[in-house]
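Please read the structure below before turning to the comments.
The values are calculated or read from the model by the stated rules, or taken from the named source; none is laboratory data. This structure is a prediction, so every number in the text was calculated from the model and none was measured. A quick note on method: Cβ atoms are made from the backbone with ideal geometry, for glycine too, and the neighbour counts reach across all protein chains shown. Quick note on the areas: whole protein, heavy atoms, side chains included, nothing else; ligands and nucleic acids left out. Shrake-Rupley method; radii C 1.70, N 1.55, O 1.52, S 1.80 Å.
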Amino acid sequence: MTATTASAPSPGGWRRGLAKLRRRPVASAGFVGVVIVYLFAPLIVMVAFSFNSSPRLSFPFAGLSLRWYEEIFTDTLVLRAFRRSLQAAVVTAGITGVLGLLGALGILKIAKRARGFILAISAAPLAVPGLLFAIGLAIMYRQIGIERSIWAANLGHALIALPFVFLVVGASLERFRFTLIEAAQDLGASRWHAFRTVTLPLVLPAVLGAMLLAAAISIDDFVIAFFTAGQDKTLPLIMYGRVLKGIDPTLNAIGTVMLVLTTSLAFMAARRTTIGER
Amino acid sequence: MSDVSRYTEHPAIRLDGVTKRFGAVLAVDDVTLKIEEGEFFSLLGPSGCGKTTTLRMLAGFETPDEGSVYLRGEDVTLVQPNKRATNMVFQNYELFPHMTVFNNVAYGLKLKKVPKREITERVNDMLEVVGVGGLGKRAADQLSGGQQQRVALARALINRPAVLLLDEPLSALDVKLRKRMQLELKSIQETLGTTFVYVTHDQEEALLMSDRVGIMNEGVLLQVAAPRTIYEQPADDFVADFVGTLNELTIRIEKVEGERGLVASGDQERIWMDLPGGGTVGDIVRLAVRPEALQLTPRREWDGSPDLSHTSGTVSDVIYLGPFTQFLVNSERLGRMLSQRVSDAEAAAIRPGMQVIVSWHPDTAFMLAGPAADTR
Ligand SMILES: Nc1ncnc2c1ncn2[C@@H]1O[C@H](COP(=O)(O)OP(=O)(O)OP(=O)(O)O)[C@@H](O)[C@H]1O
Ligand SMILES: [Mg+2]
């Protein structure tokens, strides 16, 4: 394995390239700039046009206005979808929070080797395309006679969010000092009291963080809802419907609202889970 | 403070043939032990000898496979930890990091539904006793090691346990603080009169603090005695070797006089030993002497005191340890010997290469059992 051909890109070559870039700060700054613009341009365009007073989606800007926001916040269809999306987020967070905590607690009672296996299994869905889950769910719901509804979609969201929650909560419990529980019991606490006063407060930050993450995943989801929500359309489904009819400036406003929601949820989730790490 | 008198008819703790296995590992092997009310008792032994396991069986975190545990005469073998009148100071303190110092210490009292006013009073008193008064409002994860140690002590003691269990509570502290805490712990124990069971692998600590010491090895309790007895009359080789440093001398008896054996080969050498069971010329015995029992005298100053055991040798190394100085001596007959004395002018006069007489009082030496297999 030592003889690499000259043409094969070796990790060493990569590293050398990076090192060269690092030595030329202007070049590397330019490179990073391009990547960032590429990553964020669509979002920037969307946010910018959501404040454009003209319905024409082209530069130059006609002027600043909140008319598209006014429009979506008076549109009952959009509002209903908005409420559904929020409901889905809350329900998903609730289900995954409880299941994630119980599952992670349960897993810690299992022997170390089996634990790794179970964690791997539960993380496996992360590698499966959401589309397959969505189709599978739709077929299964049909089989057992569950109507398409927002509740059906909720269960699907919980399903795709659970591995994330499991991983986050599991990682925090992995660092949890279980002798703290013994200390509580030693001072006279029953198992339940020790759980309530010691375990729970200490893992709660991580659980809350994981729940916020689950909420963000739910709000963001299109595929599961597309196959299982039926007429209970969530925000992404409404947007899809509008896109089919042509790009409509209200899309930018809806998109911006979603962007703010999901990024702030993700941000809070990140903060929670790192604070939980002491 | 504690209601000691009511229980004096029973020992604070009695272990009766207690055995604990973890799979194939025999962690604690048939330990029988009594610890009296108000005693400072130490369990001393090398790593993995079963000290923590023994302590955890006293606390209720482990259930013995065989035997029984009694607390003030009551069989608590199967009683859960939260129902036992024991409290523990954990090795890593295990303070609740999300609570203040006050709430950590108050944890046990709140569970007992002690009135709020009384809790405040008792917690503050206890924080004073352990020397962290005024730290009550501090978050428990913002304390130094020594402060954590004191809070952990307060959190356990405030429940007025029948027995306080301490698992190497000072091992995480630096030497200086550890020395101070040893004295403080001892004085707190004397003030409160609480029974302490103290686990440590530091023999100096155990000897310094305890009323009695139990020495364990490989799950077996080898000797239980007062520190002086442990040091001066160790029950067996392991105890002798584990507690303090030991010179092990392998000697062939050349003469027997009543109950004493003698190695005599001129005025430079004469070694006495007690032979309570009698002995025969030609027997090979192992004699142990502590380094501090060995006196060094420059050979030309030796006045040949016949009652002292002595042998000649050459100083090979001088190790200065501050208050003490150690000397390595090579003796032709007995091999390497370690001597230790206070660092005074006489100690300073002894240099490497010097010809010396190593002498000791025969009573300070004791016989080791078993054949002279592993001579060091
Ligand atoms: N929960 C457990 N599972 C399996 N083996 C254990 C367990 N607890 C202790 N042991 C084993 O039992 C033996 C005694 O352990 P113990 O912790 O009582 O030793 P110790 O004297 O406290 O040692 P140290 O000074 O290192 O703390 C060791 O061989 C240890 O590996
Ligand atoms: Mg231990």
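Taking every alpha-carbon pair under 8 Å whose residues sit at least 6 apart, chain B reaches a relative contact order of 15 percent. The residues neighbouring B:Gly146, those whose beta-carbon lies less than 12 Å from its own, together hold a net charge of +3 under the Lys/Arg +1, Asp/Glu -1 convention. Taking the inverse of the mean 1/r over every pair of distinct Cα atoms in region A:69-277 gives a Kirkwood hydrodynamic radius of 18.6 Å. Surface composition of region B:256-300: carbon plus sulfur atoms hold 48% of the accessible area, using a 1.4 angstrom probe and ignoring ligands, DNA and RNA. Would you please classify the overall shape of region A:215-261 from the alpha carbon gyration tensor, given that a ≥ b ≥ c denote the square roots of the eigenvalues, rounded means a/c under 1.5, and beyond that prolate means a/b larger than b/c while oblate covers the rest? Cα axes put region A:215-261 in the oblate bin.
With a ≥ b ≥ c the root eigenvalues of the C-alpha gyration tensor of region B:119-192, is it rounded (a/c under 1.5), prolate (a/b larger than b/c) or oblate? Note, shape of region B:119-192 comes out oblate. Helix content alone sets the calculated 222 nm mean residue ellipticity of chain A: runs of n ≥ 4 DSSP H residues at -39500 (n - 2.57) each, divided across all residues, give -25000 deg cm²/dmol.
Share of carbon and sulfur in the accessible area of chain A stands at 70%, probe radius 1.4 Å. In this view, the solvent-accessible surface of A:Asp232, computed with a 1.4 Å probe and all protein chains in place, comes to about 40 Å². Between region B:227-274 and region B:299-376, what is the C-alpha centre distance in whole Å? Each part reduced to its Cα centre gives a spacing of 14 Å. With all projection directions averaged, the alpha carbon convex hull of region A:39-118 covers 8.9 nm². Of the GluC sites (Glu not before Pro) found in region B:176-235, the ones in coil according to DSSP and having at most 16 other Cβ atoms within 10 Å of their Cβ are B:Glu218.
Size estimate for region B:38-132 follows the Kirkwood approach: the inverse of mean 1/r over distinct Cα pairs works out to 15.8 Å. By the Cα gyration tensor, the protein assembly as shown has an equivalent ellipsoid whose semi-axes, rounded to whole angstrom, run 73, 33, 24 from largest to smallest. Each Lys or Arg adds one and each Asp or Glu subtracts one; over the other residues with Cβ under 15 Å from the Cβ of B:Thr63, this totals -1. Ranking A:Met239, B:Met126 by solvent-accessible area of protein heavy atoms (1.4 Å probe, all protein chains present), from largest to smallest, gives A:Met239, B:Met126. Take each residue in A:177-184, count the other chain C-beta atoms within 10 Å of its C-beta, and the mean is 6. Over all pairs of different C-alpha atoms, region A:133-197 has a mean inverse distance whose reciprocal, the Kirkwood radius, equals 15.1 Å. Here region B:279-376 is described by how far its Cα atoms reach on the three principal axes: 42, 28, 23 Å, from widest to narrowest. Neighbours of B:Leu328, meaning other residues whose beta-carbon lies under 10 angstrom from its beta-carbon, give a summed charge of 0 when Lys and Arg score +1 and Asp and Glu score -1. Note on region B:47-199: percent of Cα-Cα distances in each 10 Å bin, starting at 0 and stopping at the bin with the largest distance, equals 11, 40, 36, 13, 1.
Put simply, chains B and A cover up around 1800 Å² of each other's accessible surface, both sides summed, when a 1.4 Å probe is used. When the Cα atoms of region B:32-84 are aligned to their principal axes, the ranges along those axes come out at 30, 26, 20 Å in descending order. Here, region A:74-128 yields an orientationally averaged convex hull projection of 5.0 nm² when only Cα atoms define the hull.
Accessible area per residue for region A:98-185, computed on protein heavy atoms with a 1.4 Å probe, is 56 Å².
Length, then width, then depth: along the principal axes, the Cα atoms of region B:152-297 run 65, 33, 27 Å.
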